[in-house]
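Chemist: One structure, as structure tokens, below. Some questions next.
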Amino acid sequence: MIYYIGGGYPEVFIKELSENKSMLKSIKEALEVGLRCYAECGGLMYLTESIEGYETVGFIKGEVKMTNRLQNFGYAQVEVNKENNILPKGFKINCHEFHKSKINSFEGKVYKLTKNVYNGTIKEWSCGYYKKNTLGSYAHIHFFSNVNFLKYLTKEG
């Protein structure tokens, strides 16, 4: 079994999400005992301790702050650069990012992202958090263009 917490806009319904204490608790408990999980963008935001001061799952230490503009917007390539139990180090994945938030966290990051920008220059940044059997990132992955990614996610142990 794997939890998939997809992208979206949790900030739009943050009051309601934050008030659902039994859901927050059950997700955190499942992840703490090692249930496999992939959280993408809004899903990653939801797994932190708070979004704009509203309590969220609290599995990934850190808080989300909304911004006035897009952060790291566009197509990029993810490269796994830290060991974890889900994706092998060196694995590359095509993705895109689309978010107006930042996570303030000291949790270790497991991805290096690379994006070709204007005039042939390259932008690089780090993202992606791994804890126990949970992998979360702002990167949106199209599963059918990255079938091996999907195979790794659903692989047991």
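Chemist: Sticking with the crude label model, points 7 Å out along Cα→Cβ, report the distance from Lys89 to Thr67 in nm, one decimal please.
Modeler: Simple spin-label model gives 2.9 nm for this pair.
Chemist: Mean-square fluctuation check for the chain, GNM, Cα pairs under 10 Å: which of Gly43, Gly90, Gly58 is largest?
Modeler: Greatest mean-square fluctuation among the candidates belongs to Gly90.
Chemist: Once phi is turned into ³J(HN,Hα) by the Karplus curve 6.51 cos²θ - 1.76 cosθ + 1.60 with θ = phi - 60°, what whole-Hz value does each residue of the stretch 99-108 show in order, with x for glycine and proline?
Modeler: Whole-Hz 3J(HN,Hα) from phi for the stretch 99-108: 7, 10, 8, 9, 9, 9, 8, 9, 5, x.
Chemist: Within the stretch 45-154, list the GluC sites (Glu not before Pro) lying in a DSSP loop whose Cβ has at most 10 other Cβ atoms in a 10 Å radius.
Modeler: Working: sites: Glu49, Glu52, Glu55, Glu63, Glu79, Glu83, Glu97, Glu107, Glu124; in loops: Glu49, Glu52, Glu83, Glu107.
Passing both the DSSP loop test and the Cβ count: Glu83.
Chemist: Rounded to the nearest 5, what % of the DSSP beta bridges within the chain are antiparallel ones?
Modeler: Numbers: 28 of 38 bridges.
Bridges in the chain are about 75 percent antiparallel.
Chemist: So what is the accessible area of the chain per residue, in Å², with the probe set to 1.4 Å? Intermediate results must be reported in sequence, preceding the final value.
Modeler: On the way: 8660 Å² over 157 residues.
Spelled out: the 1.4 Å probe surface of the chain, per residue, equals 55 Å².
Chemist: Between Asn119 and Glu32, what length in nm is gained on full extension when 0.36 nm per residue of separation is reduced by their alpha carbon distance? Can you show the working numbers first?
Modeler: Working: separation 87, 0.36 × 87 = 31.32 nm, distance 4.50 nm.
Full extension of this stretch gives 26.8 nm more.
Chemist: Convex hull over the Cα atoms of the chain, averaged projected area in nm²? Could you put the intermediate results ahead of the total?
Modeler: On the way: hull surface 36.7 nm².
Orientation-averaged projected area of the Cα hull: 9.2 nm².
Chemist: Let me ask something additional. Build a GNM of the chain with springs between Cα atoms under 10 Å: which of Asn146, Asn20, Asn119 gets the top mean-square fluctuation?
Modeler: The residue that fluctuates most here is Asn119.
Chemist: Just to be sure I understand: with springs between alpha-carbon atoms less than 10 Å apart, which residue in Leu24, Leu44, Leu70 has the highest mean-square fluctuation in the Gaussian network model of the chain?
Modeler: Leu70
Chemist: Right, another one. What is the distance in Å between the Cα centres of the stretch 112-157 and the stretch 45-73?
Modeler: If you average the Cα positions of each part, the centres end up 18 Å apart.
Chemist: Within the set Lys92/Lys131; Lys65/Lys155; Lys21/Lys155; Lys61/Lys112; Lys28/Lys112, which residue pairs have Cα atoms separated by over 22 Å?
Modeler: Pairs exceeding the cut-off: Lys65/Lys155; Lys21/Lys155; Lys28/Lys112.
Chemist: Follow-up question, since we're still on this one. How large is the convex hull of the Cα atoms of the stretch 1-84 per residue, expressed in Å³ as a whole number? Don't jump to the answer; show the numbers that get you there.
Modeler: Numbers: hull volume 10.0 nm³, N = 84.
That works out to 119 Å³ per residue.
The values are calculated or read from the model by the stated rules, or taken from the named source; none is laboratory data. Keep in mind that what you see is a predicted model, and the values were worked out from it rather than measured. Every residue, glycine among them, receives a Cβ derived from its backbone with ideal geometry; neighbour counts consider all protein chains shown. SASA here: full protein model, heavy atoms, side chains in, ligands and nucleic acids out. Shrake-Rupley method; radii C 1.70, N 1.55, O 1.52, S 1.80 Å.
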